[in-house]
1. What number comes out for the charge environment of His209, summing +1 per Lys or Arg and -1 per Asp or Glu over other residues with Cβ under 11 Å away?
2. What does the accessible area per residue of the chain come to in Å², with a 1.4 Å probe and no ligands, DNA or RNA counted?
3. Rounded to the nearest 10 degrees, what's the angle between the helix 225-238 long axis and the longest principal axis of the chain, both from Cα atoms, 0 to 90?
4. State which entries of Lys119/Lys157; Lys157/Lys183; Lys73/Lys111 exceed 20 angstrom in Cα-Cα distance in the structure shown.
5. Count charges around Arg244 for me, please; just the other residues with Cβ under 12 Å from its Cβ, Lys/Arg as +1, Asp/Glu as -1.
6. Which chymotrypsin sites (Phe, Trp or Tyr not before Pro) in region 194-253 sit in a loop by DSSP (not H, G, I, E or B) and have at most 12 other Cβ atoms within 10 Å of their own Cβ?
7. Taking the highest mean first, how do the peptides 58-69, 175-186, 192-203, 147-158 order by number of other beta carbon atoms within 10 angstrom per residue?
8. Using alpha carbon centroids, what distance separates region 149-209 and region 81-128, in Å?
Amino acid sequence: MIFQSFASGSSGNCILVGSDACRILVDCGISRKRTMDALAERDMSLDDLDGIFLTHEHTDHIQGLPMIAKKTKMPIFATRGTIAAVRKKFGEAIDPERFVPVEADTPVSIKDLSVNPMKISHDAAEPVAYRIYGDGKKACVCTDLGCYDAYTIDCLKDCDVLLLEANHDVNMLQVGPYPYRLKQRILGNLGHLSNLSSGELLTKVLNDHLKAVFLGHLSQENNYPDLAFETVRLEVMESTGDYRASDLPIAIASRQHPSAAVEF
């Protein structure tokens, strides 16, 4: 299996996950050129992809979709609510026959991968995160959630690779320039996960075979990579679990550059 973040942040999100036989994108919120350039670094092209799985319809997760759809014939997987919202946004720019509906907790088989959507709490039509299984391994992409519960924890257990949202520092957001209503949206249960909450959630899903943790979807205005990293590490250090932060392979998923690829 391979996992690589091409971009993660409020300006665009695109994640590559795959096996030797199947490669998929989770979201395509960056330009076609950036996507193609990132693929080219792996000696891949759009033609090597087998599908796109959309988490939800917000621009930073779908803005590259129409141009990528023009260049390929691969299916586009999303919940029915997301499909309706995407079609409303893009009109006839994408052939409706390209969309394949998915449902939370109903796995979808694509070649040798099994992709299982999971419910998340976010202010979108019908948002999901994704659990991807292949070769006996599990990767998870979980961003854009305002809160988590026992269901979330259960879904993220036993990951080999995890990309988890660490969107904002609460203090930076509260004193920052955003309008009050936007601040309340981000802080609410349908908003985004803070650095602190991200660290708390991570401590509940750690396991002995976790190969990599990427902190993703960092806010450009209300966070710093080093702050997100240290806040999450501190939560792990102060937890009552058996894991030491210094032993964990935690990295920041950049909004501008592809991350290191993880093979597992």
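The values are calculated or read from the model by the stated rules, or taken from the named source; none is laboratory data. Values in this document were obtained by computation on a predicted structure and should not be read as measured data. Positions of Cβ are generated from backbone atoms using ideal geometry, with glycine treated the same way; all protein chains shown enter the neighbour counts. To get the accessible areas, we keep the full protein, side chains included, count just its heavy atoms, and leave off ligands, DNA and RNA. Shrake-Rupley method; radii C 1.70, N 1.55, O 1.52, S 1.80 Å.
1. Taking every Cβ under 11 Å from that of His209, the sum is 0.
2. 44
3. So the helix axis and the longest Cα principal axis differ by about 60 degrees.
4. Checking Cα-Cα distances, Lys157/Lys183 exceed 20 Å.
5. -2
6. Filter output for region 194-253: empty list.
7. 192-203, 58-69, 147-158, 175-186
8. If you average the Cα positions of each part, the centres end up 22 Å apart.
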